[in-house]
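The values are calculated or read from the model by the stated rules, or taken from the named source; none is laboratory data. No experiment lies behind these values; they were computed from the predicted model shown. For neighbour counting, all protein chains shown are included, and Cβ atoms are generated from backbone atoms with ideal geometry for every residue, glycine included. SASA here: full protein model, heavy atoms, side chains in, ligands and nucleic acids out. Shrake-Rupley method; radii C 1.70, N 1.55, O 1.52, S 1.80 Å.
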Amino acid sequence: ISMDQKDIMRIFEETAYVRTGGSPEELRAAEYIAGECKRFGGEAVIEPFAVDMATIEEAVFLADGQEIPCKGYLCAGSSEVEAPLYYLRDTTPQSLSGCRGKIVLVDGYLGYWTYQDILENGAVGFVTYDGNANYTDRDIDQRELRSYVSKGNLLPGVNINAKDAILLVKNRAKMGKIQLKQTQTQENSHNVILDLPGENPQYIVLTAHYDSTSLSQGAYDNMSGSIGLLSMAETFSKKPHRYGLRFIWCGSEERGLLGSKAYCQSHEEELGKIVLNINLDMIGCIMGRFIACCTSEEKLVHYISYFAAEQGFGCKARQDVYSSDSTPFADKGIPAVSFARIAPQNTATIHNSYDTMAVMDAEQMEEDIAFICAFLERMAGAHTCPVAREMPENMKTKLDEYLTRKRPQA
(Lines give C-alpha, C1' and ligand atoms only; values in the text may rest on other atoms or scores of the structure.)
Protein backbone atom coordinates (compact mmCIF):
# COMPACT_ATOMS: atom_id res chain seq x y z
CA ILE A 1 0.00 0.00 0.00
CA SER A 2 1.09 3.58 -0.57
CA MET A 3 0.65 4.92 2.95
CA ASP A 4 3.19 4.09 5.66
CA GLN A 5 2.67 3.92 9.43
CA LYS A 6 3.91 7.48 9.91
CA ASP A 7 1.30 8.82 7.44
CA ILE A 8 -1.43 6.80 9.14
CA MET A 9 -0.67 8.17 12.61
CA ARG A 10 -0.23 11.71 11.26
CA ILE A 11 -3.81 11.64 9.90
CA PHE A 12 -5.15 10.27 13.20
CA GLU A 13 -3.39 13.15 14.99
CA GLU A 14 -4.60 15.81 12.57
CA THR A 15 -8.24 14.67 12.79
CA ALA A 16 -8.39 14.15 16.59
CA TYR A 17 -11.49 16.27 17.15
CA VAL A 18 -15.25 15.78 17.41
CA ARG A 19 -16.94 16.11 13.97
CA THR A 20 -20.68 15.51 14.26
CA GLY A 21 -22.82 15.41 11.11
CA GLY A 22 -23.68 18.87 9.79
CA SER A 23 -21.21 20.72 12.05
CA PRO A 24 -18.43 23.12 10.95
CA GLU A 25 -15.94 20.52 12.27
CA GLU A 26 -17.39 17.89 9.92
CA LEU A 27 -16.88 20.26 6.97
CA ARG A 28 -13.33 20.94 8.19
CA ALA A 29 -12.69 17.18 8.10
CA ALA A 30 -14.24 16.92 4.59
CA GLU A 31 -11.89 19.65 3.34
CA TYR A 32 -8.98 17.89 5.05
CA ILE A 33 -9.77 14.61 3.25
CA ALA A 34 -10.02 16.45 -0.09
CA GLY A 35 -6.62 18.00 0.70
CA GLU A 36 -5.13 14.56 1.40
CA CYS A 37 -6.41 13.39 -2.01
CA LYS A 38 -4.59 16.34 -3.62
CA ARG A 39 -1.29 15.07 -2.18
CA PHE A 40 -1.34 12.19 -4.69
CA GLY A 41 -2.98 14.16 -7.51
CA GLY A 42 -6.60 13.21 -6.75
CA GLU A 43 -9.30 15.82 -7.38
CA ALA A 44 -12.05 15.17 -4.85
CA VAL A 45 -15.41 16.92 -4.99
CA ILE A 46 -17.23 17.96 -1.80
CA GLU A 47 -20.95 17.42 -2.32
CA PRO A 48 -23.42 18.99 0.17
CA PHE A 49 -26.75 17.52 1.26
CA ALA A 50 -29.36 18.93 3.65
CA VAL A 51 -29.68 17.63 7.22
CA ASP A 52 -31.92 18.62 10.13
CA MET A 53 -30.05 20.51 12.85
CA ALA A 54 -31.08 21.84 16.25
CA THR A 55 -29.69 24.06 18.99
CA ILE A 56 -30.78 23.24 22.54
CA GLU A 57 -31.57 26.38 24.55
CA GLU A 58 -32.89 24.60 27.62
CA ALA A 59 -32.96 20.98 28.77
CA VAL A 60 -33.99 20.23 32.34
CA PHE A 61 -34.92 16.89 33.90
CA LEU A 62 -36.29 16.67 37.43
CA ALA A 63 -36.97 13.44 39.34
CA ASP A 64 -39.02 13.95 42.51
CA GLY A 65 -37.97 17.61 42.42
CA GLN A 66 -34.24 16.88 42.16
CA GLU A 67 -32.43 18.04 39.01
CA ILE A 68 -30.61 15.24 37.17
CA PRO A 69 -27.79 16.19 34.71
CA CYS A 70 -29.08 15.60 31.18
CA LYS A 71 -28.88 16.53 27.53
CA GLY A 72 -32.07 17.19 25.61
CA TYR A 73 -32.86 15.20 22.48
CA LEU A 74 -32.20 17.23 19.35
CA CYS A 75 -35.13 17.55 16.94
CA ALA A 76 -37.63 16.51 19.65
CA GLY A 77 -39.32 19.93 19.66
CA SER A 78 -39.91 22.34 22.54
CA SER A 79 -42.31 21.43 25.32
CA GLU A 80 -42.72 20.85 29.04
CA VAL A 81 -44.21 17.75 30.62
CA GLU A 82 -44.66 16.55 34.20
CA ALA A 83 -45.79 12.97 34.79
CA PRO A 84 -45.08 9.79 36.78
CA LEU A 85 -41.82 8.03 35.91
CA TYR A 86 -41.94 4.50 34.52
CA TYR A 87 -39.02 2.16 33.81
CA LEU A 88 -39.73 0.07 30.70
CA ARG A 89 -37.80 -3.11 31.48
CA ASP A 90 -38.75 -4.85 28.22
CA THR A 91 -41.10 -4.38 25.28
CA THR A 92 -43.57 -7.14 26.07
CA PRO A 93 -47.25 -6.07 25.84
CA GLN A 94 -47.48 -6.35 29.64
CA SER A 95 -44.65 -3.87 30.20
CA LEU A 96 -45.75 -1.51 27.41
CA SER A 97 -49.23 -1.27 28.93
CA GLY A 98 -47.68 0.67 31.83
CA CYS A 99 -46.51 3.57 29.59
CA ARG A 100 -49.80 5.50 29.46
CA GLY A 101 -49.45 9.03 30.81
CA LYS A 102 -45.86 8.38 31.93
CA ILE A 103 -42.35 9.64 31.26
CA VAL A 104 -40.72 6.38 30.22
CA LEU A 105 -37.13 5.37 31.04
CA VAL A 106 -35.78 3.17 28.24
CA ASP A 107 -32.67 0.97 28.25
CA GLY A 108 -30.08 1.72 25.55
CA TYR A 109 -30.94 3.46 22.31
CA LEU A 110 -34.46 4.53 21.51
CA GLY A 111 -34.93 2.66 18.22
CA TYR A 112 -37.78 3.03 15.77
CA TRP A 113 -39.99 0.21 17.05
CA THR A 114 -39.53 1.06 20.73
CA TYR A 115 -40.45 4.68 20.00
CA GLN A 116 -43.55 3.61 18.04
CA ASP A 117 -44.51 1.24 20.88
CA ILE A 118 -44.25 3.81 23.70
CA LEU A 119 -46.06 6.38 21.52
CA GLU A 120 -48.87 3.94 20.77
CA ASN A 121 -49.11 3.03 24.45
CA GLY A 122 -49.58 6.64 25.54
CA ALA A 123 -46.15 7.78 26.83
CA VAL A 124 -45.84 11.56 27.25
CA GLY A 125 -42.02 11.79 27.38
CA PHE A 126 -38.93 9.60 27.52
CA VAL A 127 -35.53 9.26 29.17
CA THR A 128 -32.60 7.23 27.81
CA TYR A 129 -29.15 6.74 29.29
CA ASP A 130 -25.62 5.89 28.20
CA GLY A 131 -22.19 5.51 29.73
CA ASN A 132 -21.19 2.76 32.13
CA ALA A 133 -21.88 2.25 35.83
CA ASN A 134 -18.21 1.29 36.32
CA TYR A 135 -16.56 4.18 34.45
CA THR A 136 -15.32 7.17 36.47
CA ASP A 137 -16.70 9.73 33.97
CA ARG A 138 -20.21 11.15 33.99
CA ASP A 139 -20.30 11.82 30.24
CA ILE A 140 -23.68 12.17 28.54
CA ASP A 141 -24.00 11.68 24.78
CA GLN A 142 -25.92 14.27 22.74
CA ARG A 143 -28.66 12.29 21.01
CA GLU A 144 -31.37 13.18 18.54
CA LEU A 145 -34.87 12.06 17.73
CA ARG A 146 -34.38 11.13 14.08
CA SER A 147 -37.15 12.20 11.72
CA TYR A 148 -37.65 8.66 10.35
CA VAL A 149 -38.17 7.49 13.96
CA SER A 150 -40.62 10.20 15.06
CA LYS A 151 -42.45 10.70 11.73
CA GLY A 152 -43.50 14.08 13.09
CA ASN A 153 -44.93 12.68 16.35
CA LEU A 154 -42.66 14.38 18.86
CA LEU A 155 -42.28 13.42 22.51
CA PRO A 156 -39.90 15.46 24.69
CA GLY A 157 -36.86 13.40 25.67
CA VAL A 158 -33.55 13.62 27.53
CA ASN A 159 -30.44 11.46 27.83
CA ILE A 160 -28.72 10.93 31.19
CA ASN A 161 -25.72 9.01 32.53
CA ALA A 162 -26.15 5.33 33.43
CA LYS A 163 -25.19 5.99 37.07
CA ASP A 164 -28.15 8.35 37.47
CA ALA A 165 -30.50 5.95 35.67
CA ILE A 166 -29.57 3.22 38.15
CA LEU A 167 -30.27 5.55 41.08
CA LEU A 168 -33.67 6.55 39.64
CA VAL A 169 -34.73 2.91 39.52
CA LYS A 170 -33.05 1.94 42.81
CA ASN A 171 -34.68 4.86 44.67
CA ARG A 172 -38.08 4.21 43.01
CA ALA A 173 -38.32 7.81 41.74
CA LYS A 174 -42.00 8.62 41.27
CA MET A 175 -42.47 11.91 39.41
CA GLY A 176 -40.53 13.31 36.49
CA LYS A 177 -40.47 16.65 34.72
CA ILE A 178 -38.87 17.47 31.35
CA GLN A 179 -38.42 21.02 30.06
CA LEU A 180 -37.08 21.18 26.51
CA LYS A 181 -36.57 24.29 24.40
CA GLN A 182 -34.71 24.29 21.08
CA THR A 183 -34.42 25.93 17.67
CA GLN A 184 -34.52 23.61 14.65
CA THR A 185 -32.98 24.46 11.26
CA GLN A 186 -31.66 22.80 8.12
CA GLU A 187 -27.94 22.90 7.37
CA ASN A 188 -25.56 20.98 5.11
CA SER A 189 -23.54 17.86 5.73
CA HIS A 190 -21.06 16.73 3.05
CA ASN A 191 -19.86 13.70 1.10
CA VAL A 192 -16.35 13.74 -0.37
CA ILE A 193 -16.14 11.99 -3.76
CA LEU A 194 -13.07 10.95 -5.74
CA ASP A 195 -13.19 9.16 -9.11
CA LEU A 196 -10.47 6.95 -10.57
CA PRO A 197 -11.81 5.93 -14.01
CA GLY A 198 -11.08 2.46 -15.34
CA GLU A 199 -11.24 0.77 -18.75
CA ASN A 200 -14.82 -0.30 -18.06
CA PRO A 201 -17.67 2.28 -17.72
CA GLN A 202 -19.00 0.24 -14.78
CA TYR A 203 -17.41 0.85 -11.42
CA ILE A 204 -16.91 -0.22 -7.82
CA VAL A 205 -17.94 2.21 -5.08
CA LEU A 206 -15.82 2.32 -1.92
CA THR A 207 -17.29 4.00 1.16
CA ALA A 208 -16.27 5.01 4.69
CA HIS A 209 -17.81 7.60 7.00
CA TYR A 210 -15.67 10.32 8.52
CA ASP A 211 -18.12 11.91 10.99
CA SER A 212 -18.16 11.09 14.71
CA THR A 213 -20.62 11.19 17.60
CA SER A 214 -20.83 14.09 20.06
CA LEU A 215 -18.32 12.85 22.65
CA SER A 216 -15.96 11.06 20.29
CA GLN A 217 -12.85 11.87 18.29
CA GLY A 218 -13.90 8.86 16.21
CA ALA A 219 -10.42 7.48 15.53
CA TYR A 220 -11.61 3.86 15.50
CA ASP A 221 -15.15 4.73 14.35
CA ASN A 222 -14.35 5.74 11.72
CA MET A 223 -11.31 7.78 10.80
CA SER A 224 -9.68 4.34 10.54
CA GLY A 225 -11.91 3.43 7.57
CA SER A 226 -11.44 6.90 6.06
CA ILE A 227 -7.64 6.49 6.22
CA GLY A 228 -8.08 3.06 4.64
CA LEU A 229 -9.91 4.67 1.69
CA LEU A 230 -7.22 7.36 1.33
CA SER A 231 -4.48 4.72 1.24
CA MET A 232 -6.39 2.60 -1.29
CA ALA A 233 -7.16 5.62 -3.47
CA GLU A 234 -3.48 6.59 -3.54
CA THR A 235 -2.45 2.99 -4.31
CA PHE A 236 -4.92 2.60 -7.20
CA SER A 237 -4.19 6.06 -8.60
CA LYS A 238 -0.82 4.56 -9.60
CA LYS A 239 -1.96 1.26 -11.09
CA PRO A 240 -4.29 0.32 -13.98
CA HIS A 241 -7.70 -1.26 -13.23
CA ARG A 242 -10.48 -2.52 -15.49
CA TYR A 243 -13.39 -1.29 -13.38
CA GLY A 244 -13.65 2.37 -12.42
CA LEU A 245 -13.31 3.19 -8.72
CA ARG A 246 -15.37 5.80 -6.92
CA PHE A 247 -14.32 6.63 -3.36
CA ILE A 248 -16.97 8.24 -1.13
CA TRP A 249 -16.18 9.55 2.34
CA CYS A 250 -19.70 9.78 3.76
CA GLY A 251 -20.95 12.49 6.10
CA SER A 252 -23.54 12.05 8.88
CA GLU A 253 -23.38 8.24 9.02
CA GLU A 254 -23.75 8.38 12.77
CA ARG A 255 -27.05 10.21 12.34
CA GLY A 256 -28.68 7.36 10.41
CA LEU A 257 -26.50 6.70 7.32
CA LEU A 258 -27.57 10.10 5.98
CA GLY A 259 -24.57 10.60 3.64
CA SER A 260 -24.91 7.28 1.82
CA LYS A 261 -28.71 7.65 1.68
CA ALA A 262 -28.33 11.15 0.21
CA TYR A 263 -25.76 9.89 -2.32
CA CYS A 264 -28.04 7.06 -3.50
CA GLN A 265 -30.94 9.49 -3.84
CA SER A 266 -29.09 12.22 -5.75
CA HIS A 267 -27.15 9.79 -7.98
CA GLU A 268 -30.00 7.36 -8.62
CA GLU A 269 -29.58 7.38 -12.40
CA GLU A 270 -25.93 6.26 -12.03
CA LEU A 271 -26.51 3.38 -9.60
CA GLY A 272 -27.03 0.89 -12.43
CA LYS A 273 -23.33 1.20 -13.31
CA ILE A 274 -22.16 0.10 -9.85
CA VAL A 275 -21.18 -3.57 -9.69
CA LEU A 276 -20.09 -3.70 -6.03
CA ASN A 277 -19.85 -1.60 -2.87
CA ILE A 278 -16.89 -2.08 -0.51
CA ASN A 279 -17.37 -0.33 2.83
CA LEU A 280 -14.76 0.19 5.58
CA ASP A 281 -16.09 0.87 9.07
CA MET A 282 -13.70 0.39 12.01
CA ILE A 283 -10.40 -1.26 11.07
CA GLY A 284 -6.88 -1.36 12.50
CA CYS A 285 -7.59 -1.38 16.26
CA ILE A 286 -5.05 -3.03 18.59
CA MET A 287 -7.29 -5.92 19.65
CA GLY A 288 -10.05 -7.89 17.96
CA ARG A 289 -11.10 -9.99 15.02
CA PHE A 290 -11.51 -9.06 11.36
CA ILE A 291 -14.90 -9.60 9.69
CA ALA A 292 -16.47 -9.28 6.26
CA CYS A 293 -20.24 -8.74 6.34
CA CYS A 294 -21.74 -9.47 2.91
CA THR A 295 -25.15 -8.09 1.94
CA SER A 296 -25.12 -10.07 -1.27
CA GLU A 297 -25.40 -13.57 -2.65
CA GLU A 298 -23.85 -16.14 -0.32
CA LYS A 299 -21.16 -16.99 -2.88
CA LEU A 300 -19.30 -13.80 -1.94
CA VAL A 301 -19.01 -15.05 1.66
CA HIS A 302 -17.29 -18.21 0.41
CA TYR A 303 -15.11 -16.24 -2.04
CA ILE A 304 -13.81 -13.96 0.74
CA SER A 305 -13.23 -16.93 3.07
CA TYR A 306 -11.16 -18.68 0.38
CA PHE A 307 -9.35 -15.47 -0.54
CA ALA A 308 -8.45 -14.76 3.10
CA ALA A 309 -7.06 -18.31 3.45
CA GLU A 310 -5.01 -17.81 0.30
CA GLN A 311 -3.65 -14.53 1.70
CA GLY A 312 -2.96 -16.02 5.15
CA PHE A 313 -5.18 -13.37 6.72
CA GLY A 314 -7.65 -14.10 9.54
CA CYS A 315 -11.13 -13.10 8.40
CA LYS A 316 -14.59 -14.37 9.35
CA ALA A 317 -17.08 -13.72 6.54
CA ARG A 318 -20.85 -13.87 6.92
CA GLN A 319 -24.01 -12.92 5.05
CA ASP A 320 -25.92 -10.15 6.86
CA VAL A 321 -26.87 -6.46 6.89
CA TYR A 322 -24.20 -4.24 8.48
CA SER A 323 -25.19 -1.06 10.29
CA SER A 324 -23.14 1.24 8.07
CA ASP A 325 -22.99 3.00 4.70
CA SER A 326 -23.08 -0.28 2.76
CA THR A 327 -26.78 -0.65 3.59
CA PRO A 328 -28.31 2.09 1.38
CA PHE A 329 -26.36 0.68 -1.60
CA ALA A 330 -27.49 -2.87 -0.84
CA ASP A 331 -31.06 -1.57 -0.58
CA LYS A 332 -30.72 -0.41 -4.20
CA GLY A 333 -29.77 -3.95 -5.25
CA ILE A 334 -26.00 -3.36 -5.27
CA PRO A 335 -24.02 -6.23 -3.68
CA ALA A 336 -22.07 -4.87 -0.73
CA VAL A 337 -19.40 -6.00 1.70
CA SER A 338 -18.37 -4.19 4.89
CA PHE A 339 -14.93 -4.87 6.31
CA ALA A 340 -14.29 -4.22 10.01
CA ARG A 341 -12.00 -5.22 12.86
CA ILE A 342 -14.25 -5.72 15.88
CA ALA A 343 -12.55 -5.15 19.23
CA PRO A 344 -13.79 -6.85 22.40
CA GLN A 345 -15.82 -4.20 24.25
CA ASN A 346 -13.43 -4.02 27.19
CA THR A 347 -10.48 -3.15 24.90
CA ALA A 348 -12.01 -0.47 22.64
CA THR A 349 -15.42 1.18 22.67
CA ILE A 350 -17.18 3.55 20.29
CA HIS A 351 -19.59 6.50 20.50
CA ASN A 352 -17.88 7.85 23.63
CA SER A 353 -14.85 9.84 24.76
CA TYR A 354 -12.66 6.72 24.84
CA ASP A 355 -12.61 6.39 21.04
CA THR A 356 -9.21 8.02 20.40
CA MET A 357 -6.05 7.05 18.54
CA ALA A 358 -4.87 5.31 21.75
CA VAL A 359 -6.88 2.22 20.67
CA MET A 360 -5.36 2.19 17.17
CA ASP A 361 -2.31 0.33 15.87
CA ALA A 362 -0.47 1.59 12.78
CA GLU A 363 0.93 -1.83 11.87
CA GLN A 364 -2.51 -3.44 12.16
CA MET A 365 -3.93 -0.63 10.02
CA GLU A 366 -1.32 -1.43 7.35
CA GLU A 367 -2.18 -5.14 7.43
CA ASP A 368 -5.94 -4.57 7.26
CA ILE A 369 -5.62 -2.06 4.42
CA ALA A 370 -3.27 -4.38 2.51
CA PHE A 371 -5.81 -7.22 2.70
CA ILE A 372 -8.69 -5.02 1.50
CA CYS A 373 -6.43 -3.63 -1.25
CA ALA A 374 -5.62 -7.18 -2.41
CA PHE A 375 -9.34 -8.00 -2.52
CA LEU A 376 -10.07 -4.79 -4.43
CA GLU A 377 -7.30 -5.60 -6.91
CA ARG A 378 -9.09 -8.89 -7.72
CA MET A 379 -12.46 -7.19 -8.14
CA ALA A 380 -11.21 -4.09 -9.98
CA GLY A 381 -9.06 -6.18 -12.32
CA ALA A 382 -11.69 -8.83 -13.02
CA HIS A 383 -12.70 -9.49 -16.61
CA THR A 384 -16.27 -9.60 -15.28
CA CYS A 385 -17.10 -8.77 -11.66
CA PRO A 386 -17.92 -12.25 -10.28
CA VAL A 387 -20.50 -11.03 -7.74
CA ALA A 388 -24.10 -11.36 -8.96
CA ARG A 389 -25.89 -8.02 -9.12
CA GLU A 390 -28.99 -9.30 -7.40
CA MET A 391 -30.16 -9.29 -3.79
CA PRO A 392 -31.27 -12.67 -2.38
CA GLU A 393 -34.67 -12.83 -0.66
CA ASN A 394 -33.20 -13.40 2.83
CA MET A 395 -31.16 -10.20 2.49
CA LYS A 396 -34.19 -8.26 1.17
CA THR A 397 -36.03 -9.29 4.35
CA LYS A 398 -33.09 -8.21 6.53
CA LEU A 399 -32.93 -4.87 4.72
CA ASP A 400 -36.67 -4.35 5.24
CA GLU A 401 -36.19 -4.99 8.95
CA TYR A 402 -33.08 -2.81 9.31
CA LEU A 403 -34.70 0.08 7.41
CA THR A 404 -37.86 -0.25 9.58
CA ARG A 405 -40.17 -1.22 6.74
CA LYS A 406 -40.90 -4.47 8.55
CA ARG A 407 -40.81 -5.33 12.25
CA PRO A 408 -38.11 -7.93 13.01
CA GLN A 409 -39.47 -11.32 14.04
CA ALA A 410 -39.04 -12.03 17.75
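Numerical summary
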item	result
Which listed residue, of ILE283, ILE278, ILE248, ILE291, is of a type in the set (Val, Ile, Thr), over 16 Å from the mean Cα position of the chain (by Cα) and either at pLDDT 95 or above or under 23 Å from LEU194 (Cβ atoms) (or both)	ILE291
Where a residue in the range 392-410 is aromatic (Phe, Trp, Tyr) and its partner, wherever it lies, is open to solvent by less than 100 Å² (accessible area, probe 1.4 Å), with Cβ under 8 Å and at least six apart	TYR402/VAL321; TYR402/SER323; TYR402/THR327
Hits in the range 90-116 (condition: over 23 Å from LYS174 (Cβ atoms) and of a type outside the set (Ser, Thr, Tyr))	PRO93, GLY108, GLY111, TRP113, GLN116
Yes/no for GLN364 being farther than 24 Å from SER2 by Cβ and open to solvent by 30 Å² or more (accessible area, probe 1.4 Å)	no
Residues that are farther than 15 Å from ILE68 by Cβ, open to solvent by 50 Å² or more (accessible area, probe 1.4 Å) and not in a loop (DSSP other than H, G, I, E, B), drawn from the range 127-178	SER147, TYR148
Single match in ILE56, ILE33, ILE11, ILE46 (criterion: out of contact with any strand residue (DSSP E or B) (no Cβ under 9 Å at 6 or more places or on another chain), in contact (Cβ under 8 Å) with a residue 60 or more places away in the chain and aliphatic (A, V, I, L, M))	ILE11
Tally of residues being acidic (Asp, Glu) and either closer than 23 Å to ALA262 by Cα or surrounded by fewer than 20 Cβ atoms within 10 Å (Cβ to Cβ) (or both) across the range 330-355	1
Boolean, ALA233 is under 17 Å from GLY35 (Cα atoms), aliphatic (A, V, I, L, M), at pLDDT 95 or above and part of a helix (DSSP H, G or I)	yes
The one condition in (1) out of contact with any strand residue (DSSP E or B) (no Cβ under 7 Å at 6 or more places or on another chain); (2) open to solvent by less than 20 Å² (accessible area, probe 1.4 Å) that GLU26 fails to fulfil	(1)
Residue that is open to solvent by 50 Å² or more (accessible area, probe 1.4 Å) and in contact with a His (Cβ under 6 Å, 6 or more places away or on another chain), where the choices are ILE1, ILE46	ILE46
Odd one out for GLY108, checked against (1) closer than 22 Å to GLU253 by Cβ; (2) part of a loop (DSSP other than H, G, I, E, B); (3) at pLDDT 95 or above; (4) not aliphatic (A, V, I, L, M)	(3)
Residue match in the range 348-364 (condition: part of a strand (DSSP E or B) and of a type outside the set (Gly, Ala, Ser))	yes
Test: residue in the range 16-30 that is more than 21 Å from the chain's Cα centre (by Cα), of a type in the set (A, V, I, L, M) and not in a loop (DSSP other than H, G, I, E, B)	no
Scope the range 102-126; condition over 18 Å from ILE68 (Cβ atoms), among the aliphatic types (A, V, I, L, M) and open to solvent by 30 Å² or more (accessible area, probe 1.4 Å); matching residues	LEU119
Test set (1) out of contact with any Gly (no Cβ under 9 Å at 6 or more places or on another chain); (2) open to solvent by 20 Å² or more (accessible area, probe 1.4 Å); (3) not in a strand (DSSP E or B) - THR183 fails condition number	(3)
Residue in the range 62-74 that is aliphatic (A, V, I, L, M), surrounded by fewer than 17 Cβ atoms within 10 Å (Cβ to Cβ) and not in a loop (DSSP other than H, G, I, E, B) present	yes
Residues located in the range 4-15, provided they are in a loop (DSSP other than H, G, I, E, B) and open to solvent by less than 40 Å² (accessible area, probe 1.4 Å)	THR15
Residue tally, condition in a loop (DSSP other than H, G, I, E, B) and either in contact with a Gly (Cβ under 8 Å, 6 or more places away or on another chain) or surrounded by fewer than 16 Cβ atoms within 10 Å (Cβ to Cβ) (or both), over the range 75-101	8
